[in-house]
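Participant: Before I ask anything, here is the structure I am working with.
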Amino acid sequence: MSLEKLDRIFTALSTCEAWSIQLLKISTSKRTATTYMGREITFAPNGQLKDFVSDIVGTYVGEKGILHAFTDVREYDGSALNQVIYKLPITSELIAEEYETFLEGIAQPYAEINPLEIKFQAYLLSGLIKLDGEDFPVKLISMQNPITTLKHKFMEDNGTFKEISDKVLSLKTIIDVIIFDQCIYMLTLAGEKLFNMERSYRAVCAAKIANLKEYDIVTDFETFSSTAGSGHNPRKFVSFNDEHLKKLKSKPNRIKIAQKFKIPLKADKFDTSKVETVNKLIKILCNRGMVDPFDDNPMEVAGSKKWE
């Protein structure tokens, strides 16, 4: 999907006459799966929610709309480029399980519990928009705390001002995730928290590390494993290139890559006794290492995609 298509989707939000809104509680645990609880709310008077969506449209489209700040829409690869919108199919192994749980959680939202007594992490807008003559369901998620306590706010009372300390519903017009046509679009990386993606890419990282061990191409697997599983490295493994790993099984290819990217070899294996060497190898395997097209020198890139 192009930025132009996203612009059309945002514009089409105004065609929906019946929006629904839920506050979302997202619970994560290292031991259990992510769970979701929705609390449906209503606005008064009628039309208030539609007016709020119109404000969202104004935030993103038009001459000064936020969408103009983005340069590309690309497949999620674990990189964190501020001007890129990342997309994932709902069937991606990174989110499929959480997405199904998410749908279950919002299918039967609570209506009785006091929304001001629950710690919510997001709000969800659901509607049906018309695009190219067809109706499409769309979901907008803002990963902003929708309940806030007023501080340093005062109300006039008989000539004096008294502080307001009540909890209120405060909705921002910033959207972090759009769900449209079987795809997830992350306008900000806060969208990763919606589906607890850290757990997913750590699982991917662990699987790729175990696979690499079978190839026996590094001298110090323990150092490689501990380095790969720490810091920002696990998210890089989302774009792990299995074909590159297969090619490194060849001794001539290992020598070629070692020379090109200045990675020391020991007994024809990559010498991974030092962390800086491990990081270089990770970048190569995760599509972060490229060569300059003019002088053929090695380069590090934040993210890569096929040339068009």
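The values are calculated or read from the model by the stated rules, or taken from the named source; none is laboratory data. Bear in mind that the values here come from a model prediction, so they are computed numbers and not experimental data. Cβ: placed from backbone, ideal geometry, glycine included. Neighbour counts: every protein chain shown. Side chains included, ligands, DNA and RNA excluded: accessible areas come from the protein's heavy atoms. Shrake-Rupley method; radii C 1.70, N 1.55, O 1.52, S 1.80 Å.
Participant: Once you list every other residue whose beta carbon is under 10 Å from the beta carbon of residue 118, what net charge do they have if Lys and Arg are +1 and Asp and Glu are -1?
Facilitator: +2
Participant: Have a look at 80, 45, 60 and report the one farthest towards the positive end of the charge dipole of segment 1-107, computed about the Cα centre with Cβ charges (Lys/Arg +1, Asp/Glu -1).
Facilitator: It is 45, whose Cα lies furthest towards the positive end.
Participant: Please report the antiparallel percentage of DSSP beta bridges with both residues in the chain, rounded to the nearest 5.
Facilitator: Antiparallel: roughly 90 percent of the beta bridges in the chain.
Participant: Under 16 Å between alpha carbons: how many lysine pairs meet that in segment 130-187, if sequence neighbours fewer than 8 apart on the same chain are excluded?
Facilitator: Working: 130/139; 139/172; 151/162; 151/167; 153/162; 153/167.
For segment 130-187, the number of qualifying lysine pairs is 6.
Participant: State, as an integer percentage, the relative contact order of segment 1-152 based on alpha-carbon contacts under 8 Å between residues 6 or more apart.
Facilitator: Values: 216 pairs, mean separation 47.5, N = 152.
Answer for segment 1-152 is 31 percent.
Participant: Which of the chymotrypsin sites (Phe, Trp or Tyr not before Pro) found in segment 191-298 are loop residues per DSSP with 14 or fewer other Cβ atoms within 10 Å of their Cβ?
Facilitator: Passing sites in segment 191-298 are 294.
Participant: Continuing with this model, one more query. From Cα pairs below 8 angstrom and at least 6 apart in sequence, can you work out the relative contact order of segment 97-242, rounded to a whole percent?
Facilitator: 16
Participant: First measure r as the distance between the Cβ atoms of residue 42 and residue 232, then evaluate 1/(1 + (r/R0)^6) with R0 = 45 Å and state the FRET efficiency to the nearest 0.05.
Facilitator: 0.60
Participant: Along segment 50-57, what does the Karplus equation 6.51 cos²θ - 1.76 cosθ + 1.60 (θ = phi - 60°) give for ³J(HN,Hα), rounded to whole Hz, x for Gly and Pro?
Facilitator: Running phi through 6.51 cos²θ - 1.76 cosθ + 1.60 with θ = phi - 60° gives 5, 5, 5, 4, 4, 5, 5, 4 Hz.
Participant: Oh, and also: Where the only charges are on Cβ atoms (+1 Lys, Arg; -1 Asp, Glu), what is the dipole of segment 1-119 about its Cα centre, to the nearest 20 debye?
Facilitator: Here the size comes out at about 240 debye.
Participant: Charges only on Cβ, +1 for Lys and Arg, -1 for Asp and Glu: so what's the dipole of segment 182-221 about the Cα centre, in debye to the nearest 20?
Facilitator: In debye, rounded to 20, segment 182-221 gives about 200.
Participant: Accessible area per residue of the chain at 1.4 Å probe, in Å²? Don't jump to the answer; show the numbers that get you there.
Facilitator: On the way: 17240 Å² over 308 residues.
In whole numbers, the chain has 56 Å² accessible per residue.
Participant: Ignoring everything but the protein chains, give the 1.4 Å probe accessible area of residue 67 in square angstrom, nearest 10.
Facilitator: 10
Participant: If you put +1 on each Lys and Arg Cβ and -1 on each Asp and Glu Cβ, how big is the dipole of segment 25-69 around its Cα centre, in Debye rounded to 20?
Facilitator: Its charge dipole is roughly 420 debye.
Participant: Expressed as a whole number of Å, what is the distance separating the alpha-carbon centroids of segment 76-102 and segment 1-58?
Facilitator: 18
Participant: If you don't mind, another one. Provide the solvent-accessible area of residue 226, counting protein heavy atoms only and rolling a 1.4 Å probe, rounded to the nearest 10 Å².
Facilitator: The accessible area comes out at roughly 70 Å².
Participant: Carbon and sulfur atoms: what percent of the 1.4 Å accessible area of the chain do they account for?
Facilitator: The value for the chain is 51 percent carbon and sulfur by accessible area.
Participant: While we're here: Can you put 154, 180 in order of accessible area, largest first, using a 1.4 Å probe?
Facilitator: Putting 154, 180 in descending order of accessible area: 154, 180.
Participant: If you restrict to DSSP beta bridges whose two residues both lie in segment 1-131, what percentage is antiparallel, to the nearest 5? Walk me through the numbers before you get to the answer.
Facilitator: Working: 12 of 17 bridges.
The antiparallel fraction comes to roughly 70 percent.
Participant: Summing -39500 (n - 2.57) over the DSSP H runs of n ≥ 4 in the chain and dividing by its residue number, what mean residue ellipticity at 222 nm do you reach, to the nearest 500 deg cm²/dmol?
Facilitator: Counting only the DSSP helices, I get -9000 deg cm²/dmol.
Participant: Whats the longest run of the chain with zero trypsin sites (Lys or Arg not before Pro) that are DSSP loop and have at most 10 other Cβ atoms within 10 Å?
Facilitator: 152-261
Participant: Could you work out how far apart the two model spin labels at residue 18 and residue 164 are, taking each label as a point 7 Å from the Cα in the direction of the beta carbon, and quote it in nm?
Facilitator: 3.3
Participant: Can you sort 128, 189, 24 by 1.4 Å-probe accessible area, starting with the largest? List each step's numbers first, then the result.
Facilitator: Working: 128 90, 189 60, 24 0 Å².
Reading off the accessible areas and sorting them downward yields 128, 189, 24.
Participant: Over the chain, calculate the relative contact order: mean separation of alpha carbon pairs under 8 Å at least 6 apart, over the residue count, as a percent.
Facilitator: Relative contact order here is 15 percent.
Participant: Under 13 Å from the 7 Å Cα→Cβ point of residue 300, by amide nitrogen: which residues of segment 221-260?
Facilitator: From segment 221-260, the list is 232-233.
Participant: In whole Å, largest first, what are the principal axis extents of the Cα atoms in the chain?
Facilitator: Largest first, the chain extends 84, 42, 40 Å along its Cα principal axes.
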